[in-house]
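Chemist: Below you'll find the structure I mean.
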Amino acid sequence: MRTIKQQHRAINAPIADLVTYRALPTASVEYIDPFLFLNHHGPQVYRPNNNGLPFGPHPHRGFETVTFILEGDILHKDTGGHESVINAGGIQWMTAGSGLIHAEVSSEQFKQTGGPLEILQLWVNLPAKDKMVTPRYIGLQQDEIPTATLDGGVVVHAVSGEWAGTAGAVQPLADVALAWLELPAGSRVTLPVAAERNIFFYVVRGTVQVSGAEARARQLVEFNHDGDELALEATEAAVLLLGHALPFGEPVVSYGPFVMNTEAEIQQAYRDYQSGAFGVWNG
């Protein structure tokens, strides 16, 4: 079994009236290669006639955003011509690659009616060879994401990679496995993860026992590379965001919305954005 290296508490980092906890980076952990950043928005309830999510048009280059909509919705639009509204249970996987401008806001319906909202956004690095690929966007509703039901009623929503013989909905450029898990109270499950792979393990809701330790909501658990299995027990009903990948082992230079390998590449990203190379926003 994998042993725990360290547990990290997400920090309170509200954005306007949006409840937000940031699990990566914090003072205790910068990133878990290739997982770079995680914001946990909500849970909260929006009143009717609200302003919705505050993420208007902004640029990205050099990495991917994977957004898990647990409650509420997101309207995505970008300069690559992609646009969709994804509802609760769905995901958005955007490969920023060489660069684009996008916005992530609430649908008009959600702004009118309000309701519960809980969203996770994870940034996943791209290897140097893929940082300048053509941008792409995949938006999937809940019924388009395969699920696997394991012992004890544990449900795995397979976003990428393979989970209990079930292939994920997205084929990423790098070998990155991502899923979110629903664990009923009292359920136990053991998952295989090769020892050389980095694990991304974030407790969204509830409490679990993992490797002999308790992990609570809004905790990120970092593991050692000393085993090839992960044993979980839900001491109360829980939701987990779980991923794993081989570390890239490459330099990470990030500034604002860009993640590259060198400072010179960051400076070039700003020049390209300012010159219009990321497209013209017409929202």
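Chemist: Modelled label-to-label distance, Asp226 and Val45, 7 Å Cα→beta-carbon offset: nm?
Modeler: Modelled inter-label distance: 4.6 nm.
Chemist: Just for the Cα atoms in the chain, what are the lengths along the principal axes, largest first, rounded to whole Å?
Modeler: Each principal axis gives a Cα extent; for the chain these are 53, 46, 35 Å.
Chemist: Note the full-extension length gain between Val29 and Glu196 as 0.36 nm times their separation in residues minus their Cα-Cα distance, in nm to one decimal. It would help to have the intermediate numbers written out before the result.
Modeler: Details: separation 167, 0.36 × 167 = 60.12 nm, distance 1.93 nm.
Full-extension gain reported as 58.2 nm.
Chemist: Let me ask another. Based on DSSP H runs of at least 4 residues, each adding -39500 (n - 2.57), what is the mean residue ellipticity at 222 nm of the chain after dividing by all its residues, to the nearest 500 deg cm²/dmol? Don't skip to the answer; put the middle values down first.
Modeler: Working: 2 runs with 18 residues, N = 283.
The helix-only estimate for the chain comes to -2000 deg cm²/dmol at 222 nm.
Chemist: Relative contact order of segment 143-274: what whole-number percent is it, with Cα pairs under 8 angstrom and at least 6 residues apart? Write down the numbers at each step before the final one.
Modeler: Details: 298 pairs, mean separation 29.3, N = 132.
RCO, segment 143-274: 22 percent.
Chemist: So, one more: At a Cα cut-off below 19 Å, give the aspartates and glutamates reachable from Lys131, other chains included and same-chain residues fewer than 8 away excluded.
Modeler: List returned: Asp33, Glu64, Asp78, Asp175, Glu250, Glu263, Glu265, Asp272.
Chemist: In addition: Tell me the label-point distance for the pair Glu236, Trp281, using the 7 Å Cα-to-Cβ offset, in nm and rounded to one decimal.
Modeler: Label-label distance for Glu236 and Trp281, simple model: 4.0 nm.
Chemist: Taking H as built 1.01 Å from N, whose amide H comes closer than 5 Å to the amide H of Leu24, not counting residues under 5 places away?
Modeler: Leu38
Chemist: In whole percent, and with a 1.4 Å probe on the protein chains, what portion of the accessible area of the chain is carbon and sulfur? Don't skip to the answer; put the middle values down first.
Modeler: Working: 5740 of 11710 Å².
That fraction is 49 percent.
Chemist: Also: For a quick check of your reading of the filter: which GluC sites (Glu not before Pro) in segment 20-112 sit in a DSSP loop and have no more than 16 other Cβ atoms within 10 Å?
Modeler: Details: sites: Glu30, Glu64, Glu71, Glu83, Glu104, Glu108; in loops: Glu30.
Here the sparse-neighbourhood loop sites are Glu30.
Chemist: If you take the beta carbon distance between Asp151 and Gln109 as r and set R0 to 25 Å, what does 1/(1 + (r/R0)^6) give as a FRET efficiency, to the nearest 0.05?
Modeler: Values: r = 39 Å, r/R0 = 1.54.
My answer for the efficiency is 0.05.
Chemist: Can you give the relative contact order of segment 222-283 as a percent, counting alpha carbon pairs under 8 Å and 6+ residues apart? Provide the component values of the computation, followed by the final result.
Modeler: On the way: 21 pairs, mean separation 8.9, N = 62.
Relative contact order comes out at 14 percent.
Chemist: A follow-up question, please. Averaged per residue, what accessible area in Å² does segment 27-96 show with a 1.4 Å probe, protein chains only?
Modeler: On the way: 2330 Å² over 70 residues.
Per-residue value: 33 Å².
Chemist: Residues of segment 212-283: accessible area per residue at 1.4 Å, in Å²?
Modeler: That works out to 50 Å² per residue.
Chemist: By how many nm would the segment from Gln274 to Glu250 grow when fully extended, if each residue of separation counts as 0.36 nm and the alpha-carbon distance is taken off? If you can, show how the numbers build up before the last one.
Modeler: On the way: separation 24, 0.36 × 24 = 8.64 nm, distance 2.69 nm.
Separation in residues times 0.36 nm, less the Cα-Cα distance, equals 6.0 nm.
Chemist: Just to confirm my numbers, what's the Cα centroid distance between segment 205-283 and segment 63-142 in Å?
Modeler: Here the two parts' Cα centres lie 15 Å apart.
Chemist: For segment 147-199, report the accessible area per residue in Å² (1.4 Å probe, heavy atoms, rounded to an integer).
Modeler: Details: 2190 Å² over 53 residues.
Computed with neighbouring chains in place, this is 41 Å² per residue.
Chemist: How far apart, in nanometres, would the label points at His58 and Glu214 be if each is projected 7 angstrom from Cα along the Cα-to-Cβ direction?
Modeler: 3.5
The values are calculated or read from the model by the stated rules, or taken from the named source; none is laboratory data. The structure presented is a predicted model; accordingly, all values stated were derived computationally and were not measured. We place every Cβ from the backbone using ideal geometry, glycine too, and count neighbours over all the protein chains shown. Each accessible area value is taken on the protein alone, full model and side chains, heavy atoms only, with ligands, DNA and RNA left out. Shrake-Rupley method; radii C 1.70, N 1.55, O 1.52, S 1.80 Å.
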